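Just so it is clear, none of the values below were taken in a lab; they were calculated from the coordinates. Please read all numbers here as calculations on a predicted model, not as lab measurements. For neighbour counting, all protein chains shown are included, and Cβ atoms are generated from backbone atoms with ideal geometry for every residue, glycine included.
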Amino acid sequence: MTTHASMDHHERMRLRAAAFRATRVYPGPVGELLSRELLSWEEFGYRLGSRGMIMGIVDAVMNAQLQQTEAA
């Protein structure tokens, strides 16, 4: 049986923050999909190994500018 290193608390919180923020940065179905994928990765995906792409997505979401709404 192969054991996989679990994610540390900081990584888990960063993934959760990016999942929440994805729905604000990308309103609609794209943001919802990103959010679900990030939460799924936090729960199960890290066991698969490579974190490069998913952490790149986290960085992109966290660094993306929020769009100004017409009401603002």
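Please compute the net charge surrounding H9, taking Lys and Arg as +1 and Asp and Glu as -1 over other residues with Cβ under 13 Å from its Cβ.
Local net charge: 0.
Given the Cα-Cα distance of M13 and Q67 and 0.36 nm per residue of separation, how much length would full extension add, in nm?
Full-extension gain reported as 17.1 nm.
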